[in-house]
Amino acid sequence: MQKGNIGVTTENIFPVIKQFLYSDHEIFLREMISNAVDATQKLKTLAERGEFKGEMGDLTVRVAIDADKKTLTFSDRGIGMTAEEIDKYINQIAFSGVNDFLEKYKDNANAIIGHFGLGFYSAFMVSDKVEIVTRSYRDGATAVRWSCDGSPTFEIDEAQKDDRGTDIILHIADDCKEFLEKQRIEQLLNKYCKFMAVPIAFGKKTEWKDGKQVDTEEDNIINDSEPMWTKAPSSLTDEDYKAFYRKLYPMQDEPLFWIHLNVDYPFNLTGILYFPRINSNIDLQRNKIQLFCNQVFVTDQVEGVVPEFLTLLHGVIDSPDIPLNVSRSYLQSDANVKKISTYITKKVADRLSSIFKDDRKEFEEKWDGLKLFIHYGMLSKEDFYDRAKDFALLKDTEGKYFTYDEYRTLIKDNQTDKDDTLIYLYANNTDDQYAYIEAAKAKGYSVLLMDGDLDTPLVSMLEQKLEKCRFTRVDGDIIDRLIVKDDKRESTLTKEQTDNLSQAFRSQLPNLNNANFYVEVQALGEEAQPVVITQSEYMRRMKDISRYQSGMAFYGQMPDSYSMVLNGDHPLIKRVIDDETEACAEQLKPILAEIKGLEARLAVLKQEKDKKKPEEVTQEEKDDMDNTQKAISEQKDKKSQTIAEYAKGNDIIHQLIDLALLQNGMLKGAALAAFLRRSVELIK
């Protein structure tokens, strides 16, 4: 028997391993299986080189639980180890058997996954004691047993083992008994090992017999050793890809598209990326891409390898060239990572471009599901915008699709304003904005449907990218001011009529939470609506963007700002003007005369004040001006009260206001009930 100390530089290596080296104790299982697969792959390589001439036989890696003995055992029929190799590769943590092996057989080594010499020691995170019983493949080799109780001391002696290979026996610690549960081990094998390159057996398959589940003689192989991404795309059908997707994500809808990655220069990378069917809830869809290293699961946190916008995709990526930390649990910054990210971006763009060119009809049918990915990419990566702008689509309210260039050609003659700016009109809800859309169509204008989660920042970006253009929501103003072709139509109303009309409507506007209204009168033509409510494009867009960008929250807290535009040409508005004039003339006559006189007096006082230096103006003169201004304000208040009292009893004013609010989904509760009662009365 040999006894000794493990070759480490500190007595405290095991506490370090247990607490800090690995981010999660469960990773020990991945490392144990990885070592077993490595040993098996090494044997295959030696056989290919003619250095091992024996029978390969069954190469299945086996996992077994013995609950009574509190052991978890990993067995392989790989190359095994001699006592000298145990001393070098197990006792001397600083050396890695895999690294030596790769250096010697770097030209044709079979997918060796254990890049680091510390993987084996993860066993001590869950074990009180670890044993290795191993026998080398070499002729005449004898079996040896290595054991260690978690201290830097170990024992090696001879053992009885008839076959080549290695058994690693973990004596599970009392605080880690979960790893003696069959269900827990099955879960971890499925998570980390379901695509490893060597068959892995955990127990036997079961069948229903005599009213209960019983073991059969057939091994329960838990992994697919030749997953889809390792196969040539030409050998696979669409149904193969869909079946693999269902295997990865059993509860997901069928994917839209997929991309098979396969590159061997300047780095090795394989994988399959799927475009899932999603429309919103961006953050809920992340962490669905699984990263593998030679078919060993590493992580689903792939932000370092996959561009951020593609973390919305599902699928697998496998590369031996991705730099990992010593525990293989997170990525490290490296030039290769940037190259891989750039390659994936290009590959995705090329695939989407080819689908668009080869079958535009299918691309258009799936656009609503794809646009979230594409818009996210265009917004977040300049080089992706440059690739995607030729196949990114715009959809109009009639369901027709256009490329950016096609749509510009379609609207440039009719939707260019007097300042030679091309106006893109859009709606984000065809039902809520129906009347505005119809008004635009009546002018011969096209209206886009932009109802996606990212369309607000997208239109801001497109205004920067596309030549001399502006995007305006179709309810952002009256139609003649959305695309101004010439000077505005002159109103036939006097200033007094305009002021009184505005005051009458303003006085009857409801107090809506977080909403301000500005009332104005415009000449829109007799055929246009009598009252139209619009919302500032700039303020609405700023409020929308505040949901995405930090530092703009103050916009989100500001009240909504609306314009209520009264059409001075409409017969109903003219009727209100005439009725108001008739009803209020006598009451307003003395008020207006008083205002006129006071304003004339104020003008004289200002004229006298302007002739003097500031220090020459007496306090009496200042008080006279202040009192005159105050009197004017009081008379204007009396005028407003008179008009408001009239408007309060005018059903046409109330009906027109409520109709405009109703059209914009802003008439609710008691106000809606009052509108319905009034409507019934008006049609009796």
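The values are calculated or read from the model by the stated rules, or taken from the named source; none is laboratory data. Since the model is a prediction, treat every value here as computed from it, not as a measurement. Every residue, glycine as well, gets a Cβ built from its backbone with ideal geometry; the counts of neighbours run over all protein chains shown. Surface accessibility is based on the protein's heavy atoms, side chains included, excluding ligands, DNA and RNA. Shrake-Rupley method; radii C 1.70, N 1.55, O 1.52, S 1.80 Å.
Being open to solvent by less than 50 Å² (accessible area, probe 1.4 Å) and over 22 Å from LEU493 (Cβ atoms) is the requirement here; does ALA585 meet it? No; evaluated as a whole, the condition is false for this residue.
Within the range 332-364, being among the β-branched types (Val, Ile, Thr) and either buried (at least 17 other Cβ atoms within 10 Å of the Cβ) or at pLDDT 90 or above (or both) holds for VAL337, ILE340, ILE344, THR345, VAL348, ILE355.
Filtered by the rule that a residue be out of contact with any helix residue (DSSP H, G or I) (no Cβ under 8 Å at 6 or more places or on another chain), assigned to a loop (DSSP other than H, G, I, E, B) and open to solvent by less than 30 Å² (accessible area, probe 1.4 Å), the range 421-473 gives THR421, GLN433. Please count how many residues of the range 346-394 are without any contact (Cβ under 8 Å) to a residue 40 or more places away in the chain and β-branched (Val, Ile, Thr). Matching residues across the range 346-394 total 1. Applying a threshold of 8 Å to beta carbon distances and a minimum spacing of six or more residues, or different chains, the list of pairs starting in the range 284-309 at a residue that is open to solvent by less than 30 Å² (accessible area, probe 1.4 Å) and ending at one that is basic (Lys, Arg) and modelled with pLDDT of 85 or more reads VAL296/ARG30; PHE297/ARG30; PHE297/LYS191; PHE297/LYS194; PRO307/LYS381; PHE309/LYS381.
With respect to being at pLDDT 90 or above, basic (Lys, Arg), within 30 Å of LEU449 (Cα to Cα) and out of contact with any Cys (no Cβ under 7 Å at 6 or more places or on another chain), ARG506 falls outside the description. Out of LEU512, LEU493, LEU501, one residue alone is in contact (Cβ under 8 Å) with a residue 12 or more places away in the chain and assigned to a helix (DSSP H, G or I). It is LEU501. Taking the numbered list (1) open to solvent by 60 Å² or more (accessible area, probe 1.4 Å); (2) within 20 Å of the chain's Cα centre (by Cα) in turn, TYR385 passes all entries but (1). The residues of the range 215-255 that are of a type in the set (Asp, Glu), free of Cβ contacts under 8 Å to residues at least 60 places away in the same chain and not in a helix (DSSP H, G or I), listed by number, are ASP215, GLU217, GLU218, ASP224, GLU226, ASP253, GLU254.
Taking first residues from the range 410-435 that are touching a residue at least 40 places away in the same chain (Cβ under 8 Å) and farther than 19 Å from VAL484 by Cα and partners that are surrounded by 15 or more Cβ atoms within 10 Å (Cβ to Cβ) and not charged (D, E, K, R), the Cβ contacts under 6 Å between residues at least 6 apart in sequence or on separate chains come to ASN428/MET450; GLN433/ALA427; GLN433/VAL474; ALA435/GLN663. Taking the numbered list (1) among the acidic types (Asp, Glu); (2) at pLDDT 90 or above; (3) open to solvent by 60 Å² or more (accessible area, probe 1.4 Å) in turn, GLU616 passes all entries but (2). Filtering the range 444-459 to residues that are modelled with pLDDT of 90 or more, of a type in the set (Gly, Ala, Ser) and within 21 Å of TRP367 (Cα to Cα) leaves only SER446. Filtering the range 411-420 to residues that are more than 33 Å from the chain's Cα centre (by Cα) and either surrounded by fewer than 18 Cβ atoms within 10 Å (Cβ to Cβ) or part of a helix (DSSP H, G or I) (or both) leaves LYS412, ASP413, ASN414, THR416, ASP417, LYS418, ASP419, ASP420.
Contact map, the range 644-666: residues that are in contact (Cβ under 8 Å) with a residue 60 or more places away in the chain and open to solvent by less than 30 Å² (accessible area, probe 1.4 Å) paired with residues that are aromatic (Phe, Trp, Tyr) and assigned to a helix (DSSP H, G or I), Cβ distance under 7 Å, separation 6+ or inter-chain. Pairs shown: ILE653/PHE505; ILE657/PHE505.
Annotation: of all residues in the range 556-579 being of a type in the set (Gly, Ala, Ser) and at pLDDT below 90, the one that is farthest from PRO530 (Cα to Cα) is GLY556. Only one entry in ASP167, ASP128 is open to solvent by 20 Å² or more (accessible area, probe 1.4 Å), closer than 18 Å to ASP87 by Cα and either of a type outside the set (D, E, K, R) or assigned to a strand (DSSP E or B) (or both), namely ASP167.
Here is a check on your reading of the model: is THR270 open to solvent by 50 Å² or more (accessible area, probe 1.4 Å), in a strand (DSSP E or B), β-branched (Val, Ile, Thr) and farther than 21 Å from LYS366 by Cα? Criteria not met by THR270. Among the helices (runs of 4 or more DSSP H) lying completely within the range 592-684, list those that include at least 1 residues that are hydroxyl-bearing (Ser, Thr, Tyr). Because the criterion is at least 1 residues that are hydroxyl-bearing (Ser, Thr, Tyr), the helices (runs of 4 or more DSSP H) in the range 592-684 that meet it are 619-648, 669-682. The number of residues in the range 34-57 that are within 20 Å of ALA141 (Cα to Cα), among the charged types (D, E, K, R) and assigned to a loop (DSSP other than H, G, I, E, B) comes to 3.
Here the condition is being modelled with pLDDT of 85 or more, under 25 Å from the mean Cα position of the chain (by Cα) and among the charged types (D, E, K, R); of LYS242, LYS194, it holds for LYS242 alone. Among the residues making up the range 66-125, those that are assigned to a loop (DSSP other than H, G, I, E, B), modelled with pLDDT of 80 or more, open to solvent by less than 30 Å² (accessible area, probe 1.4 Å) and not β-branched (Val, Ile, Thr) are GLY78, GLY80. So, in the range 129-148, how many residues would count as being at pLDDT below 90 and either charged (D, E, K, R) or under 41 Å from the mean Cα position of the chain (by Cα) (or both)? So the count comes out to 1.
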